[in-house]
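Take a look at the structure below.
The values are calculated or read from the model by the stated rules, or taken from the named source; none is laboratory data. This structure is a prediction, so every number in the text was calculated from the model and none was measured. Note: ideal-geometry Cβ built from the backbone for every residue, glycine included; neighbour counts use all protein chains shown. We work out accessible area using only protein heavy atoms, side chains counted, and drop any ligands, DNA or RNA first. Shrake-Rupley method; radii C 1.70, N 1.55, O 1.52, S 1.80 Å.
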Amino acid sequence: MNPVAESIKEQIKGVRTAFEEALASASQTEALEEARVRFTGKKGELTSLLRSLGKLSSEERPAVGQELNALRDEMEQKLEARKVQLRDAENERLEAEERIDVTLPPRGRPAGAFHPVFQTLHELVNIMQGLGYSVALGPEKEEEHYNFDCLNMPSWHPARDMQDTFYFPGEGQGGRSLLRTHTSPVQVRSMLKYGAPLRIVCPGKTYRRDNDPTHSPMFHQMEGLMIDKDVSFSVLKGTISEMTSAFFGRPLKNRFRASYFPFTEPSMELDIECVECSGRNPHCRVCKGTGWLEVGGMGMVHPAVIRAGGIDPDVYNGFAFGFGLDRMAMLKYGISDLRLFFDGNVSYFLSGRDA
Ligand code: PHE
(Lines give C-alpha, C1' and ligand atoms only; values in the text may rest on other atoms or scores of the structure.)
Protein backbone atom coordinates (compact mmCIF):
# COMPACT_ATOMS: atom_id res chain seq x y z
CA MET A 1 0.00 0.00 0.00
CA ASN A 2 1.35 3.41 -0.87
CA PRO A 3 2.28 5.86 1.84
CA VAL A 4 -0.59 8.24 1.08
CA ALA A 5 -3.15 5.50 1.54
CA GLU A 6 -1.29 4.40 4.63
CA SER A 7 -1.45 7.85 6.11
CA ILE A 8 -5.15 8.25 5.31
CA LYS A 9 -5.85 4.96 7.02
CA GLU A 10 -3.95 6.18 10.05
CA GLN A 11 -5.86 9.44 10.03
CA ILE A 12 -9.14 7.59 9.84
CA LYS A 13 -8.23 5.68 12.98
CA GLY A 14 -7.28 8.91 14.72
CA VAL A 15 -10.51 10.66 13.71
CA ARG A 16 -12.53 7.69 14.89
CA THR A 17 -10.90 7.68 18.31
CA ALA A 18 -11.20 11.45 18.67
CA PHE A 19 -14.84 11.22 17.67
CA GLU A 20 -15.59 8.49 20.23
CA GLU A 21 -13.97 10.57 22.95
CA ALA A 22 -15.79 13.77 21.99
CA LEU A 23 -19.06 11.86 21.88
CA ALA A 24 -18.56 10.31 25.29
CA SER A 25 -17.65 13.58 26.93
CA ALA A 26 -20.50 15.57 25.35
CA SER A 27 -22.87 15.80 28.28
CA GLN A 28 -24.84 18.68 26.88
CA THR A 29 -26.49 19.36 23.55
CA GLU A 30 -24.14 22.31 22.91
CA ALA A 31 -21.06 20.06 23.21
CA LEU A 32 -22.70 17.54 20.95
CA GLU A 33 -23.34 20.18 18.32
CA GLU A 34 -19.68 21.23 18.55
CA ALA A 35 -18.65 17.61 17.93
CA ARG A 36 -20.93 17.39 14.91
CA VAL A 37 -19.38 20.52 13.39
CA ARG A 38 -15.91 19.33 14.26
CA PHE A 39 -16.24 15.93 12.52
CA THR A 40 -18.98 15.89 9.96
CA GLY A 41 -19.36 19.65 9.29
CA LYS A 42 -18.31 21.29 6.01
CA LYS A 43 -14.84 21.94 7.29
CA GLY A 44 -14.89 18.97 9.62
CA GLU A 45 -12.12 16.42 10.09
CA LEU A 46 -13.97 13.61 8.32
CA THR A 47 -14.96 15.89 5.47
CA SER A 48 -11.35 16.89 4.84
CA LEU A 49 -10.39 13.22 4.77
CA LEU A 50 -13.05 12.61 2.14
CA ARG A 51 -11.55 15.44 0.14
CA SER A 52 -8.13 13.86 0.32
CA LEU A 53 -9.49 10.79 -1.53
CA GLY A 54 -8.43 12.54 -4.72
CA LYS A 55 -4.84 11.88 -3.84
CA LEU A 56 -5.35 8.13 -4.04
CA SER A 57 -4.98 5.91 -7.06
CA SER A 58 -8.17 4.68 -8.72
CA GLU A 59 -7.60 1.17 -7.35
CA GLU A 60 -7.24 2.31 -3.76
CA ARG A 61 -9.98 4.92 -3.82
CA PRO A 62 -13.12 2.66 -3.66
CA ALA A 63 -12.09 0.73 -0.54
CA VAL A 64 -11.01 3.83 1.43
CA GLY A 65 -13.99 5.75 0.10
CA GLN A 66 -16.33 3.05 1.34
CA GLU A 67 -14.67 3.04 4.70
CA LEU A 68 -15.00 6.81 4.99
CA ASN A 69 -18.65 6.76 3.92
CA ALA A 70 -19.38 4.00 6.42
CA LEU A 71 -17.65 6.03 9.09
CA ARG A 72 -19.70 9.13 8.21
CA ASP A 73 -22.95 7.12 8.44
CA GLU A 74 -21.86 5.68 11.75
CA MET A 75 -20.95 9.09 13.12
CA GLU A 76 -24.27 10.56 12.08
CA GLN A 77 -26.17 7.71 13.69
CA LYS A 78 -24.18 7.97 16.92
CA LEU A 79 -24.61 11.73 17.06
CA GLU A 80 -28.35 11.34 16.61
CA ALA A 81 -28.59 8.58 19.21
CA ARG A 82 -26.61 10.63 21.70
CA LYS A 83 -28.80 13.63 21.01
CA VAL A 84 -31.94 11.64 21.81
CA GLN A 85 -30.27 10.29 24.94
CA LEU A 86 -29.34 13.76 26.16
CA ARG A 87 -32.80 15.14 25.42
CA ASP A 88 -34.47 12.29 27.33
CA ALA A 89 -32.17 12.84 30.30
CA GLU A 90 -32.93 16.56 30.25
CA ASN A 91 -36.67 15.90 30.13
CA GLU A 92 -36.43 13.49 33.01
CA ARG A 93 -34.51 16.05 35.05
CA LEU A 94 -37.09 18.76 34.35
CA GLU A 95 -39.93 16.45 35.14
CA ALA A 96 -38.43 15.53 38.50
CA GLU A 97 -37.63 19.15 39.31
CA GLU A 98 -40.93 20.68 38.32
CA ARG A 99 -43.20 17.87 39.27
CA ILE A 100 -46.51 18.88 40.87
CA ASP A 101 -48.19 16.24 42.93
CA VAL A 102 -51.82 16.80 42.12
CA THR A 103 -52.89 14.35 44.78
CA LEU A 104 -51.56 16.56 47.61
CA PRO A 105 -54.29 18.09 49.78
CA PRO A 106 -54.86 21.87 49.31
CA ARG A 107 -53.08 24.30 51.61
CA GLY A 108 -56.06 25.09 53.82
CA ARG A 109 -58.49 27.99 53.52
CA PRO A 110 -57.08 31.14 51.96
CA ALA A 111 -56.94 34.08 54.36
CA GLY A 112 -59.96 36.36 54.13
CA ALA A 113 -63.70 35.85 54.31
CA PHE A 114 -66.90 37.80 54.03
CA HIS A 115 -67.61 40.24 56.82
CA PRO A 116 -70.21 38.75 59.21
CA VAL A 117 -72.68 41.50 58.28
CA PHE A 118 -72.32 40.63 54.61
CA GLN A 119 -72.67 36.93 55.34
CA THR A 120 -75.91 37.82 57.11
CA LEU A 121 -76.99 39.99 54.20
CA HIS A 122 -76.33 37.23 51.69
CA GLU A 123 -78.10 34.61 53.78
CA LEU A 124 -81.21 36.73 54.27
CA VAL A 125 -81.32 37.77 50.62
CA ASN A 126 -81.02 34.09 49.64
CA ILE A 127 -83.88 33.12 51.91
CA MET A 128 -86.06 35.90 50.52
CA GLN A 129 -85.19 35.01 46.95
CA GLY A 130 -86.43 31.53 47.77
CA LEU A 131 -89.76 33.16 48.66
CA GLY A 132 -89.91 34.89 45.28
CA TYR A 133 -88.43 38.26 46.18
CA SER A 134 -86.03 40.21 43.96
CA VAL A 135 -83.27 42.53 45.10
CA ALA A 136 -83.65 46.28 44.59
CA LEU A 137 -81.04 48.84 45.55
CA GLY A 138 -81.15 52.59 46.12
CA PRO A 139 -78.64 55.39 46.69
CA GLU A 140 -77.04 55.99 50.08
CA LYS A 141 -76.96 59.71 49.39
CA GLU A 142 -80.72 60.16 49.27
CA GLU A 143 -83.14 63.04 48.83
CA GLU A 144 -85.30 64.30 51.64
CA HIS A 145 -88.19 63.66 49.28
CA TYR A 146 -87.73 59.86 49.18
CA ASN A 147 -86.34 59.43 52.67
CA PHE A 148 -89.20 61.35 54.34
CA ASP A 149 -91.86 63.08 52.21
CA CYS A 150 -92.88 60.04 50.19
CA LEU A 151 -92.98 58.00 53.37
CA ASN A 152 -95.76 60.08 54.81
CA MET A 153 -93.41 62.32 56.78
CA PRO A 154 -93.81 65.90 55.55
CA SER A 155 -91.31 68.46 56.85
CA TRP A 156 -93.44 69.37 59.88
CA HIS A 157 -93.85 65.72 60.90
CA PRO A 158 -92.57 65.02 64.43
CA ALA A 159 -91.48 61.50 63.42
CA ARG A 160 -88.57 63.03 61.49
CA ASP A 161 -86.97 63.72 64.84
CA MET A 162 -86.95 59.98 65.59
CA GLN A 163 -84.20 59.60 63.02
CA ASP A 164 -81.18 61.77 63.71
CA THR A 165 -80.26 62.66 60.19
CA PHE A 166 -76.98 63.61 58.53
CA TYR A 167 -77.83 66.34 56.04
CA PHE A 168 -75.53 67.54 53.28
CA PRO A 169 -74.70 71.22 53.67
CA GLY A 170 -75.62 73.84 51.11
CA GLU A 171 -78.21 71.93 49.14
CA GLY A 172 -81.53 73.64 49.87
CA GLN A 173 -83.66 73.98 46.78
CA GLY A 174 -86.56 71.56 46.55
CA GLY A 175 -85.49 69.42 49.47
CA ARG A 176 -82.12 68.65 50.99
CA SER A 177 -79.82 65.73 50.31
CA LEU A 178 -79.03 63.47 53.21
CA LEU A 179 -77.52 60.12 54.08
CA ARG A 180 -80.53 57.79 54.06
CA THR A 181 -81.64 57.04 57.61
CA HIS A 182 -83.27 53.76 56.57
CA THR A 183 -83.76 51.56 53.49
CA SER A 184 -87.45 52.53 53.26
CA PRO A 185 -86.90 55.13 50.48
CA VAL A 186 -86.14 52.18 48.19
CA GLN A 187 -89.79 51.11 48.67
CA VAL A 188 -91.03 54.20 46.86
CA ARG A 189 -88.25 54.26 44.29
CA SER A 190 -89.04 50.63 43.39
CA MET A 191 -92.79 51.13 43.19
CA LEU A 192 -92.21 54.06 40.84
CA LYS A 193 -89.79 52.03 38.76
CA TYR A 194 -91.48 48.62 38.63
CA GLY A 195 -95.14 49.22 39.51
CA ALA A 196 -97.41 46.54 41.00
CA PRO A 197 -97.42 43.68 41.88
CA LEU A 198 -94.03 43.78 43.54
CA ARG A 199 -91.90 41.67 45.87
CA ILE A 200 -88.51 43.09 46.72
CA VAL A 201 -85.85 43.17 49.39
CA CYS A 202 -83.49 46.14 49.62
CA PRO A 203 -80.34 45.57 51.64
CA GLY A 204 -77.79 48.30 52.22
CA LYS A 205 -76.05 50.88 54.36
CA THR A 206 -77.97 53.41 56.41
CA TYR A 207 -76.83 56.33 58.59
CA ARG A 208 -77.90 58.07 61.80
CA ARG A 209 -76.27 60.34 64.36
CA ASP A 210 -75.80 57.59 66.94
CA ASN A 211 -72.81 55.94 68.54
CA ASP A 212 -72.92 53.53 71.48
CA PRO A 213 -72.51 49.74 72.03
CA THR A 214 -75.74 49.01 70.16
CA HIS A 215 -75.70 51.90 67.66
CA SER A 216 -73.20 52.89 65.01
CA PRO A 217 -73.47 56.00 62.77
CA MET A 218 -73.35 53.65 59.79
CA PHE A 219 -75.31 50.43 59.98
CA HIS A 220 -77.14 48.02 57.68
CA GLN A 221 -80.77 47.32 57.04
CA MET A 222 -82.76 45.06 54.81
CA GLU A 223 -86.11 46.37 53.66
CA GLY A 224 -88.82 44.06 52.42
CA LEU A 225 -91.86 45.09 50.40
CA MET A 226 -94.78 43.14 49.01
CA ILE A 227 -97.42 44.93 46.94
CA ASP A 228 -100.34 42.97 45.50
CA LYS A 229 -104.09 42.68 45.63
CA ASP A 230 -105.59 41.61 48.97
CA VAL A 231 -102.33 41.09 50.86
CA SER A 232 -103.24 40.12 54.38
CA PHE A 233 -101.48 40.64 57.65
CA SER A 234 -101.12 36.89 58.08
CA VAL A 235 -98.97 36.75 54.93
CA LEU A 236 -96.66 39.25 56.60
CA LYS A 237 -96.48 37.16 59.77
CA GLY A 238 -95.89 33.96 57.82
CA THR A 239 -93.16 35.56 55.72
CA ILE A 240 -91.39 36.96 58.74
CA SER A 241 -91.43 33.73 60.73
CA GLU A 242 -90.25 31.80 57.67
CA MET A 243 -87.36 34.24 57.28
CA THR A 244 -86.22 34.24 60.90
CA SER A 245 -86.53 30.45 61.28
CA ALA A 246 -84.56 29.82 58.09
CA PHE A 247 -81.92 32.32 59.15
CA PHE A 248 -81.37 30.96 62.65
CA GLY A 249 -81.81 27.36 61.56
CA ARG A 250 -84.74 26.43 63.77
CA PRO A 251 -88.33 27.57 64.34
CA LEU A 252 -88.36 30.58 66.66
CA LYS A 253 -91.26 32.11 68.51
CA ASN A 254 -92.22 35.57 67.24
CA ARG A 255 -93.89 38.35 69.17
CA PHE A 256 -95.51 41.26 67.38
CA ARG A 257 -95.77 44.43 69.45
CA ALA A 258 -97.95 47.35 68.41
CA SER A 259 -95.78 50.26 67.38
CA TYR A 260 -95.81 53.34 65.21
CA PHE A 261 -94.25 54.22 61.87
CA PRO A 262 -95.72 56.97 59.68
CA PHE A 263 -95.37 54.78 56.59
CA THR A 264 -97.24 51.70 57.84
CA GLU A 265 -100.66 51.24 59.41
CA PRO A 266 -101.02 49.24 61.52
CA SER A 267 -97.37 49.11 62.58
CA MET A 268 -95.57 46.53 64.61
CA GLU A 269 -92.24 45.75 66.00
CA LEU A 270 -91.02 42.18 65.85
CA ASP A 271 -89.39 40.40 68.74
CA ILE A 272 -87.99 36.93 68.31
CA GLU A 273 -87.41 34.36 71.02
CA CYS A 274 -83.93 34.82 72.51
CA VAL A 275 -81.56 32.78 70.31
CA GLU A 276 -79.23 32.33 73.28
CA CYS A 277 -81.50 31.18 76.13
CA SER A 278 -85.03 30.88 74.64
CA GLY A 279 -86.23 32.80 77.66
CA ARG A 280 -84.94 30.27 80.16
CA ASN A 281 -82.09 32.30 81.65
CA PRO A 282 -83.09 35.30 83.78
CA HIS A 283 -79.47 36.51 83.65
CA CYS A 284 -78.99 36.03 79.89
CA ARG A 285 -76.60 38.65 78.60
CA VAL A 286 -78.15 38.66 75.12
CA CYS A 287 -81.81 39.28 76.02
CA LYS A 288 -81.12 40.77 79.46
CA GLY A 289 -83.47 38.19 80.93
CA THR A 290 -86.52 39.31 78.96
CA GLY A 291 -86.49 36.23 76.69
CA TRP A 292 -87.11 38.41 73.63
CA LEU A 293 -84.98 40.19 71.06
CA GLU A 294 -86.07 43.12 68.99
CA VAL A 295 -85.13 42.69 65.35
CA GLY A 296 -87.19 45.03 63.17
CA GLY A 297 -90.20 47.12 62.34
CA MET A 298 -93.01 46.34 59.95
CA GLY A 299 -96.60 46.87 59.02
CA MET A 300 -99.15 47.23 56.25
CA VAL A 301 -97.97 49.90 53.84
CA HIS A 302 -99.78 53.21 54.38
CA PRO A 303 -102.06 54.16 51.43
CA ALA A 304 -100.27 57.51 51.18
CA VAL A 305 -96.98 55.68 50.53
CA ILE A 306 -98.54 53.44 47.87
CA ARG A 307 -99.90 56.55 46.20
CA ALA A 308 -96.46 58.23 46.38
CA GLY A 309 -95.16 55.14 44.61
CA GLY A 310 -97.56 55.79 41.72
CA ILE A 311 -99.83 52.83 42.55
CA ASP A 312 -103.57 53.03 43.28
CA PRO A 313 -104.09 52.18 46.97
CA ASP A 314 -107.74 51.34 46.27
CA VAL A 315 -106.59 48.42 44.10
CA TYR A 316 -103.33 47.38 45.72
CA ASN A 317 -102.14 47.03 49.27
CA GLY A 318 -99.16 45.34 50.86
CA PHE A 319 -96.73 45.07 53.70
CA ALA A 320 -93.22 46.28 54.42
CA PHE A 321 -90.59 45.44 56.97
CA GLY A 322 -87.18 46.76 57.90
CA PHE A 323 -84.63 44.59 59.70
CA GLY A 324 -81.32 45.60 61.23
CA LEU A 325 -78.72 43.39 59.58
CA ASP A 326 -76.03 44.19 62.14
CA ARG A 327 -78.39 43.16 64.90
CA MET A 328 -79.18 39.90 63.13
CA ALA A 329 -75.46 39.21 62.65
CA MET A 330 -74.74 39.93 66.34
CA LEU A 331 -77.44 37.49 67.39
CA LYS A 332 -76.40 34.75 64.99
CA TYR A 333 -72.66 35.00 65.67
CA GLY A 334 -72.79 35.93 69.36
CA ILE A 335 -71.16 39.36 69.13
CA SER A 336 -71.97 41.76 71.92
CA ASP A 337 -70.73 45.12 70.71
CA LEU A 338 -71.94 46.45 67.38
CA ARG A 339 -68.96 48.73 66.98
CA LEU A 340 -66.62 45.74 66.70
CA PHE A 341 -68.05 45.21 63.22
CA PHE A 342 -66.58 48.45 62.04
CA ASP A 343 -63.14 48.60 63.65
CA GLY A 344 -60.08 46.68 62.52
CA ASN A 345 -59.77 44.20 65.37
CA VAL A 346 -59.38 41.02 63.33
CA SER A 347 -58.35 38.83 66.28
CA TYR A 348 -61.79 39.24 67.75
CA PHE A 349 -63.40 37.58 64.76
CA LEU A 350 -60.74 34.90 64.46
CA SER A 351 -61.34 33.84 68.04
CA GLY A 352 -65.03 33.59 67.28
CA ARG A 353 -66.67 34.98 70.39
CA ASP A 354 -66.29 37.91 72.80
CA ALA A 355 -62.59 38.66 73.35
N1 PHE B 1 -87.71 52.07 58.31
C2 PHE B 1 -88.02 51.68 59.66
C3 PHE B 1 -86.84 52.03 60.56
O4 PHE B 1 -85.76 52.15 60.08
C5 PHE B 1 -88.30 50.22 59.75
C6 PHE B 1 -89.54 49.83 59.03
C7 PHE B 1 -89.49 49.47 57.69
C8 PHE B 1 -90.81 49.83 59.65
C9 PHE B 1 -90.63 49.08 57.02
C10 PHE B 1 -91.92 49.47 58.98
C11 PHE B 1 -91.86 49.11 57.67
O12 PHE B 1 -87.00 52.15 61.76
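Before moving on, here are some points about what is shown:
- Matching option when the condition is of a type in the set (S, T, N, Q) and within 15 Å of the ligand (Cβ to nearest atom), among SER241, SER184: SER184
- Among the residues of the stretch 181-203, those that are open to solvent by less than 10 Å² (accessible area, probe 1.4 Å) and not in a helix (DSSP H, G or I) comprise THR181, HIS182, THR183, SER184, ILE200, VAL201, CYS202.
- The condition of being acidic (Asp, Glu), crowded, with 16+ Cβ neighbours inside 10 Å and touching a residue at least 24 places away in the same chain (Cβ under 8 Å) holds for GLU60.
- Single residue of the stretch 208-229 satisfying the filter (modelled with pLDDT of 95 or more and over 27 Å from the mean Cα position of the chain (by Cα)) that is farthest from TYR146 (Cα to Cα): LYS229
- Filtering the stretch 290-349 to residues that are within 14 Å of the ligand (Cβ to nearest atom), hydrophobic (A, V, I, L, M, F, W, C), in a helix (DSSP H, G or I) and under 26 Å from GLY279 (Cα atoms) leaves LEU325, MET328.
- Exactly one residue among GLU33, GLU74 is part of a helix (DSSP H, G or I), exposed (fewer than 14 other Cβ atoms within 10 Å of the Cβ) and modelled with pLDDT of 85 or more, and that residue is GLU74.
- Candidate set: the stretch 163-180, residues that are within 24 Å of ILE311 (Cβ to Cβ) and open to solvent by 20 Å² or more (accessible area, probe 1.4 Å); chosen: the one nearest to the ligand (Cβ to nearest atom): GLY175
- Meets criteria (away from the ligand (no atom under 12 Å from the Cβ), outside any loop (DSSP other than H, G, I, E, B) and closer than 22 Å to GLY318 by Cβ) for ARG160: no
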